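Undergrad: I have a structure I would like to understand better, so I am pasting it below and will then ask my questions one at a time.
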Amino acid sequence: MLLFALGFLLVILQPCAGQFPRVCANMQSLQSKECCPPWDGDGSPCGELSSRGSCQNILLSQAPLGPQFPFSGVDDREEWPSVFYNRTCRCEGNYMGYNCGECKFGFSGLNCTERQVKTRRNIFQLTTSEKNRFLAYLNLAKHIPSQDYVIATGTYTQMNNGSNPMFRDINVYDLFVWMHYYASRDTLLGGSNVWRDIDFAHEAPGFLPWHRAFLLMWERQIQKITGDENFTIPYWDWRDAEDCGVCNDEYMGGRHPTNPNLLSPASIFSSWQVICTQSEEYNSQQALCSATSEGPIRRNPGNNDKSRTPRLPSSADVEFCLSLTQYESGPMDKMANYSFRNTLEGFADPQTAISNPSQSSLHNALHIYMNGSMSQVQGSANDPIFVLHHAFVDSIFERWLRRHRPMIEVYPAANAPIGHNRENYMVPFIPLYRNGEFFKPSRELGYDYAYLQEPALESFQDFLTPYLQQARQIWPWLVGAAVFGSVVTAVLTRHIRACWKKKGGTSSEIQPLLIESEDYNNITYQSNF
């Protein structure tokens, strides 16, 4: 009854961010390369009559890319979304959406002028009713078709350059599974050839901003299909965990009694079917994932390859990662050393920050530890633990942003792997978002984390750390300045005394540098530092 009532709300809800807008998945839009749907509020494209936005040419970044992808013109995701559309809605002010019919993240109200900040909470701190509601929302999303978006089942070439559109419907939850697959899939080069060293959502600077945007869109979609505007994604704090605390029937599903690779029949997730998990088959057929069912969720937590991931991440791992001052470094891929992003993603040692792709730590460790659907990149979002895990990863990203307070220029503008430069649009999102737009504190995007709001010593340390680091960097300069100042003072003092002796007097008329004792206490010493 609950699912029916919630599902009925779909007919009155505004569109949300996703992949291909249904209204643009047709021959006319593909051949004209224009996706500027009308806003229902005034019937004009992009709500132009209401000054919400207008149909504009897409402005693509011209910054050079890194050497990891040595091709051009072979992948629909290059210079996203220009292969499909080169004109889309450009929204004004606080408006957003493929037709400018929504408010930007962090804003609400009829004219999108009301600021809002919602709080994401630890899943173990939810009440029983809140937890059950979250599980019901997940199940609802898995069983309701997306009203606004469809997925592509063929490349643009296979669509005969738009004259033969190849799209299909998909449910709300699987829409996000498919988007995660599409961003990380291999490049199809024809015949049986593929290029594997490409990923628009991982192994490069965009990893954290991309997943931040992904979770915000997923969160908003749940808010829309349920009518619960206050819904936020809970997180699972896995620091120092000895096992998978959410892997039971009370939360995300326990272990099957006779098959340890499957979920318990008592869990609602045991009936879920996965999609987009057979990458080798798609590659051999030079085809895209069509979102057909490929079997149940698989999970066998803890029975993973211990030589690759011996344990779950510790608090010490997280603290060391947060101490790294560089967001990105070197080749800006999984071989980057001393990179906060690469260390948090899990390709660098969490005790040295030296790249070691043969090991999986932090973010990657959780995926490997689950030993099932979560452990394959392209299909990992099939397991609903994915959202709990990435919400906590995002909170660590947030802690780093608050501690180091980087300027936007810290995010690489050029020479990152394809799709990861600051001004590149994120694949495969429409409406369009640039990587740099999500390299900012979460409160500016309308959300916060419960454990980051608590006035603890940890928060004070996060506040103080950047200033201590600055002091450490300029300490040699301060010492040098102090020595130089002492020498100058000594020379001037000797010179002044010599002048006094030559003039032969010490009357008050020739002592302008002296200070009366009653004035001495009124002097305030200030330091520019």
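The values are calculated or read from the model by the stated rules, or taken from the named source; none is laboratory data. Computed from a predicted structure; not experimentally measured. Here the Cβ positions follow ideal geometry from the backbone for every residue, glycine too, while neighbour counts run over all protein chains shown. These accessible areas exclude ligands, DNA and RNA; they are computed on the full protein's heavy atoms, side chains included. Shrake-Rupley method; radii C 1.70, N 1.55, O 1.52, S 1.80 Å.
Undergrad: Looking only at residues in the range 203-227 that are crowded, with 23+ Cβ neighbours inside 10 Å and assigned to a loop (DSSP other than H, G, I, E, B), which one is nearest to the chain's Cα centre (by Cα)?
TA: By that ranking, first place goes to 206.
Undergrad: In the set 368, 297, which member is surrounded by fewer than 22 Cβ atoms within 10 Å (Cβ to Cβ), touching a helix residue (DSSP H, G or I) at 6+ places or on another chain (Cβ under 8 Å), modelled with pLDDT of 95 or more and of a type outside the set (Phe, Trp, Tyr)? Steps first, please.
TA: On the way: 297 fails: surrounded by fewer than 22 Cβ atoms within 10 Å (Cβ to Cβ).
Just one listed residue meets the conditions, 368.
Undergrad: Suppose the filter is open to solvent by 40 Å² or more (accessible area, probe 1.4 Å) and part of a helix (DSSP H, G or I); does residue 398 pass it? Talk me through it step by step, then tell me what you get.
TA: Working: open to solvent by 40 Å² or more (accessible area, probe 1.4 Å): no; part of a helix (DSSP H, G or I): yes.
No; evaluated as a whole, the condition is false for this residue.
Undergrad: Within the range 165-178, take every residue that is without any contact (Cβ under 8 Å) to a residue 60 or more places away in the chain and either open to solvent by 50 Å² or more (accessible area, probe 1.4 Å) or under 25 Å from residue 32 (Cβ atoms) (or both) and give me the one that is farthest from the chain's Cα centre (by Cα).
TA: Per the criteria, the residue is 166.
Undergrad: Among residues belonging to the range 300-330 that are open to solvent by 60 Å² or more (accessible area, probe 1.4 Å) and touching a residue at least 60 places away in the same chain (Cβ under 8 Å), point out the one that is nearest to residue 414 (Cα to Cα).
TA: Result: 325.
Undergrad: Here is a further query. Kindly provide the set of residues from the range 234-261 that are open to solvent by 40 Å² or more (accessible area, probe 1.4 Å) and closer than 16 Å to residue 302 by Cβ, ordered by number. Write out each step before concluding.
TA: Our first condition is that a residue be open to solvent by 40 Å² or more (accessible area, probe 1.4 Å); within the range 234-261, this holds for 237, 239-240, 242-243, 248-250, 255-261.
240, 242, 243, 248, 255, 256, 259, 260, 261 - these are the residues of the range 234-261 that are open to solvent by 40 Å² or more (accessible area, probe 1.4 Å) and closer than 16 Å to residue 302 by Cβ.
Undergrad: A further question on this structure: Inside the range 82-99, can you point out the residues that are part of a loop (DSSP other than H, G, I, E, B) and either of a type in the set (Lys, Arg) or on the phi > 0 side of the Ramachandran plot (or both)?
TA: Applying the first criterion (part of a loop (DSSP other than H, G, I, E, B)) to the range 82-99 yields 82-86, 92-94, 97-99.
Listed by number, the residues that qualify are 93, 97.
Undergrad: Could I ask something else about it? When you go through (1) out of contact with any His (no Cβ under 7 Å at 6 or more places or on another chain); (2) under 18 Å from residue 176 (Cα atoms); (3) of a type in the set (A, V, I, L, M) one by one for residue 215, which number turns out not to apply?
TA: The one condition residue 215 does not meet is (1).
Undergrad: Could you tell me whether the range 332-350 includes any residue that is open to solvent by 10 Å² or more (accessible area, probe 1.4 Å), within 16 Å of residue 439 (Cβ to Cβ) and either assigned to a helix (DSSP H, G or I) or of a type outside the set (Asp, Glu) (or both)? Before the answer, list the steps.
TA: Step one: list which residues in the range 332-350 are open to solvent by 10 Å² or more (accessible area, probe 1.4 Å), which gives 332-335, 337-338, 347, 349-350.
So of that shortlist, the ones also within 16 Å of residue 439 (Cβ to Cβ) come out as 332.
Remaining after also requiring either assigned to a helix (DSSP H, G or I) or of a type outside the set (Asp, Glu) (or both): 332.
Yes, the range 332-350 has at least one match.
Undergrad: OK, next. For residues in the range 88-132 being free of Cβ contacts under 8 Å to residues at least 12 places away in the same chain and hydrophobic (A, V, I, L, M, F, W, C), which is surrounded by the fewest Cβ atoms within 10 Å (Cβ to Cβ)?
TA: Looking at the filtered set, the residue picked out is 110.
Undergrad: Look at the range 351-365 and say how many of its residues are open to solvent by 50 Å² or more (accessible area, probe 1.4 Å) and either touching a residue at least 12 places away in the same chain (Cβ under 8 Å) or within 16 Å of residue 244 (Cβ to Cβ) (or both).
TA: Here is the first cut: in the range 351-365, the ones open to solvent by 50 Å² or more (accessible area, probe 1.4 Å) are 351-352, 354, 356, 358-359.
Filter once more, keeping what is either touching a residue at least 12 places away in the same chain (Cβ under 8 Å) or within 16 Å of residue 244 (Cβ to Cβ) (or both): 351, 354, 358-359.
Adding up the residues that qualify gives 4.
Undergrad: Residue 279 passes all but one of (1) touching an Asp or Glu at 6+ places or on another chain (Cβ under 8 Å); (2) open to solvent by less than 30 Å² (accessible area, probe 1.4 Å); (3) without any contact (Cβ under 8 Å) to a residue 24 or more places away in the chain; which number fails?
TA: Going through (1) touching an Asp or Glu at 6+ places or on another chain (Cβ under 8 Å); (2) open to solvent by less than 30 Å² (accessible area, probe 1.4 Å); (3) without any contact (Cβ under 8 Å) to a residue 24 or more places away in the chain one by one, residue 279 breaks only (3).
Undergrad: A further question follows. Name every residue in the range 24-44 that is in contact with a Phe, Trp or Tyr (Cβ under 8 Å, 6 or more places away or on another chain) and either of a type outside the set (A, V, I, L, M) or surrounded by fewer than 19 Cβ atoms within 10 Å (Cβ to Cβ) (or both), in order of residue number. Explain how you work it out, then say what you get.
TA: Residues of the range 24-44 that are in contact with a Phe, Trp or Tyr (Cβ under 8 Å, 6 or more places away or on another chain), as a first pass: 24-25, 29-30, 33-35, 37.
If the condition is that a residue be in contact with a Phe, Trp or Tyr (Cβ under 8 Å, 6 or more places away or on another chain) and either of a type outside the set (A, V, I, L, M) or surrounded by fewer than 19 Cβ atoms within 10 Å (Cβ to Cβ) (or both), then 24, 29, 33, 34, 35, 37 are the ones that fit.
Undergrad: Tell me the residue from 443, 422 that is open to solvent by 10 Å² or more (accessible area, probe 1.4 Å), assigned to a helix (DSSP H, G or I) and among the basic types (Lys, Arg), please. Write out each step before concluding.
TA: Values: 422 fails: assigned to a helix (DSSP H, G or I).
None of the others qualify; the one that does is 443.
Undergrad: Taking the stated definitions as given, is residue 55 more than 19 Å from residue 424 (Cα to Cα), open to solvent by less than 50 Å² (accessible area, probe 1.4 Å) and assigned to a loop (DSSP other than H, G, I, E, B)? Give the derivation first.
TA: On the way: more than 19 Å from residue 424 (Cα to Cα): yes; open to solvent by less than 50 Å² (accessible area, probe 1.4 Å): yes; assigned to a loop (DSSP other than H, G, I, E, B): no.
No; evaluated as a whole, the condition is false for this residue.
Undergrad: Which pairs turn up if I take residues in the range 134-158 that are hydrophobic (A, V, I, L, M, F, W, C) and look for partners that are at pLDDT below 95 and buried (at least 17 other Cβ atoms within 10 Å of the Cβ) with beta carbon separation below 6 Å, at least 6 apart in sequence or on another chain?
TA: 140/6; 151/19
Undergrad: Testing residue 189 on (1) aliphatic (A, V, I, L, M); (2) in contact with a Lys or Arg (Cβ under 9 Å, 6 or more places away or on another chain); (3) open to solvent by 10 Å² or more (accessible area, probe 1.4 Å), one condition comes back false. Which one is that?
TA: Exception for residue 189: condition (2).
Undergrad: If I filter the range 225-240 for residues that are more than 13 Å from residue 390 (Cα to Cα), of a type in the set (Phe, Trp, Tyr) and in contact with a helix residue (DSSP H, G or I) (Cβ under 9 Å, 6 or more places away or on another chain), do I get at least one hit?
TA: yes
Undergrad: Give the range 133-154 a look and list any residue that's within 29 Å of residue 185 (Cα to Cα), open to solvent by less than 10 Å² (accessible area, probe 1.4 Å) and in a helix (DSSP H, G or I), or say none.
TA: Result: 138, 140, 141.
Undergrad: With respect to the numbered conditions (1) within 28 Å of residue 272 (Cα to Cα); (2) out of contact with any Lys or Arg (no Cβ under 8 Å at 6 or more places or on another chain), which one is the sole condition not fulfilled by residue 81?
TA: For residue 81, the failing item is (1).
Undergrad: Let me ask something else about it. Which of (1) of a type outside the set (Gly, Ala, Ser); (2) in contact (Cβ under 8 Å) with a residue 60 or more places away in the chain; (3) closer than 18 Å to residue 219 by Cα does residue 406 not meet, given it meets every other one?
TA: Of (1) of a type outside the set (Gly, Ala, Ser); (2) in contact (Cβ under 8 Å) with a residue 60 or more places away in the chain; (3) closer than 18 Å to residue 219 by Cα, only one is false for residue 406: (3).
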